[in-house]
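Engineer: Once you've had a glance at the structure underneath, I'll fire off some questions.
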Amino acid sequence: MDGLADRLSDGLAALERENLRRRRRVLDSPQGRRVRVDGRELLNFSSNDYLGLACDARLVAAAHRALDAYGVGSGASPLVSGHSRAHEEAEQRFAAFVRLPRALLFASGYAANLAILTVLGGTDAEVFGDRLNHACLHDGARLSRATYTRYAHLDLGELERALAASRAAVRIVATDAVFSMDGDLAPLPRMLELCERYDAWLVVDDAHGIGVLGAGGRGSLEHFALASPRIVYMATLGKALGGYGAFVAGAAQTIEWMLQRARTYIFSTALPPAMAAAASAALQIVEHDAALRARLAARIDEFRAACGALAVTVPPSATAIQPVVVGEAARALEASARLLERGFLVPAIRPPTVPRGTSRLRISLSAAHEADDVRGLAQALAESVG
């Protein structure tokens, strides 16, 4: 074992030298506007809880009722005996919410995207992916055994040339709707046009759009007023919807084929029923409480205005994700540490999550924040990022 262990030790030492070794924080509080870490109360700008629903009493109550009714675990994979009434109702509610014919509930967004691409793909397929897609789309494309072609971020000219040159029997364009480290939006209407022209599937990962984009919070498809049977849509429950798990939605035949063939669905224990019940409650809240989205939109506008007034450079983003790119990993860690001293929890994001030379502070805004919180953060950034 000495040689094997030495390889791991050398790898860890290399990460340390390059400022790329990661360490976890231990939270002694729920997610929320403020969190407690190492005995300190910190303003939390690190969470994807964009609507502040992770600790919402209505979600907690729904989960409690499901715990009383179904217990803790689902006990089996969905196709054996793990698919409860709570799961069935959540799938039906989600399909209706996003206005797609049918939905399937997965244990995580990662599992859902692996499922989509491995089920649609194969050795006769070609997957086209934005270089800044989330890791699960890259991994799903590789696992699918399809030819995998990546194009420069949002470069639809390059995408079209690749589609036109493809001789694959099946073409699949896979994209984040909101890019998780930049907060920018994929031009989905134009991408759908290309998919129609070149007879391709369009796989949309709306992890950071569901609940916050669109007039009714239904996500990127509502935002862009898109509908097509060639769209396969994935949205997670662990961000704006406050829980855990993910849905895949699309045409009824597409979802039925996934149910029959998706290995991450067939060979995984079903999501706990309490999480399915919490998802149903979250969808109902988003559908009927537009004030949450209005609060989030106000915080985004206030933060960007304050940064502009203080000469803090923030790339264009109309979403809750507001990155401040600082360059090297060491600088990002130093800036994050200075913010922590001032009482702000803002994570430093480094390679391989982002390309080398683009390490950043990833600021996540929430409807739970107050106007003074975001203005205070902008001031702290002006004094901490140099």
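Engineer: Please go through the range 114-158 and pick out each residue that is over 26 Å from R350 (Cβ atoms) and either of a type in the set (K, R) or touching a His at 6+ places or on another chain (Cβ under 7 Å) (or both).
Structural biologist: Residue satisfying the conditions is R145 alone.
Engineer: Where in the range 44-150 are there helices (runs of 4 or more DSSP H), lying fully within it, with 2 or more residues that are among the hydrophobic types (A, V, I, L, M, F, W, C) and within 20 Å of the chain's Cα centre (by Cα)?
Structural biologist: Ranges flagged: 85-98, 109-120, 135-143.
Engineer: Oh, and also: Determine whether the range 79-86 contains at least one residue that is in contact with a strand residue (DSSP E or B) (Cβ under 9 Å, 6 or more places away or on another chain), surrounded by 21 or more Cβ atoms within 10 Å (Cβ to Cβ), in the same structural domain as S228 (by TED's automatic domain parsing) and at negative phi.
Structural biologist: No.
Engineer: Another question, if that's okay. Looking at the range 155-169, is at least one residue closer than 30 Å to G242 by Cα and assigned by TED's automatic domain parsing to the domain that holds G243? Step through it out loud before you land on a result.
Structural biologist: Initially, the range 155-169 is screened for residues closer than 30 Å to G242 by Cα, giving none.
No, the range 155-169 has no match at all.
Engineer: Continuing with this model, one more query. It is to be established whether one or more residues within the range 15-25 are touching a strand residue (DSSP E or B) at 6+ places or on another chain (Cβ under 7 Å), in a loop (DSSP other than H, G, I, E, B) and at pLDDT below 95.
Structural biologist: First pass over the range 15-25, keeping only residues touching a strand residue (DSSP E or B) at 6+ places or on another chain (Cβ under 7 Å): 25.
Still in the running and in a loop (DSSP other than H, G, I, E, B): 25.
Next, from what is left, pick out any that are at pLDDT below 95: 25.
The answer is yes; a qualifying residue exists.
Engineer: If you scan the range 200-238, which residues turn out to be of a type outside the set (S, T, Y), within 10 Å of the chain's Cα centre (by Cα) and not in a loop (DSSP other than H, G, I, E, B)?
Structural biologist: Answer for the range 200-238, where residues must be of a type outside the set (S, T, Y), within 10 Å of the chain's Cα centre (by Cα) and not in a loop (DSSP other than H, G, I, E, B): D205, M234, A235.
Engineer: Which of the residues belonging to the range 325-372 are β-branched (V, I, T), within 28 Å of D28 (Cβ to Cβ) and buried (at least 21 other Cβ atoms within 10 Å of the Cβ)?
Structural biologist: Correct list: V346, I363.
Engineer: Could you tell me whether L241 is outside any helix (DSSP H, G or I) and under 30 Å from L361 (Cα atoms)?
Structural biologist: yes
Engineer: For A107, which of the numbered conditions (1) within 15 Å of V204 (Cβ to Cβ); (2) in contact with a helix residue (DSSP H, G or I) (Cβ under 8 Å, 6 or more places away or on another chain) fails to hold?
Structural biologist: In the conditions (1) within 15 Å of V204 (Cβ to Cβ); (2) in contact with a helix residue (DSSP H, G or I) (Cβ under 8 Å, 6 or more places away or on another chain), A107 misses (1) alone.
Engineer: Working carefully through the options D206, D182, find the one that is acidic (D, E), assigned by TED's automatic domain parsing to the domain that holds A96 and under 26 Å from D289 (Cβ atoms).
Structural biologist: D206
Engineer: On to the next question. Does E302 count as surrounded by 19 or more Cβ atoms within 10 Å (Cβ to Cβ) and acidic (D, E)?
Structural biologist: Taking the combined requirement at face value, the residue satisfies it.
Engineer: Could I ask something else about it? Which condition does V119 not pass, out of (1) in contact with a Lys or Arg (Cβ under 6 Å, 6 or more places away or on another chain); (2) over 23 Å from I266 (Cβ atoms); (3) surrounded by 19 or more Cβ atoms within 10 Å (Cβ to Cβ), if it passes all the others?
Structural biologist: It fails just one condition, (2).
Engineer: Let me ask you something else. Only one of (1) surrounded by fewer than 24 Cβ atoms within 10 Å (Cβ to Cβ); (2) in contact with a helix residue (DSSP H, G or I) (Cβ under 6 Å, 6 or more places away or on another chain); (3) farther than 30 Å from F45 by Cα fails for Y244. Which number is that?
Structural biologist: (3)
The values are calculated or read from the model by the stated rules, or taken from the named source; none is laboratory data. In this text the structure is predicted, and so the values were computed from the model without any measurement. No Cβ is skipped: glycine too gets one built from the backbone with ideal geometry, and neighbour counts run over all protein chains shown.
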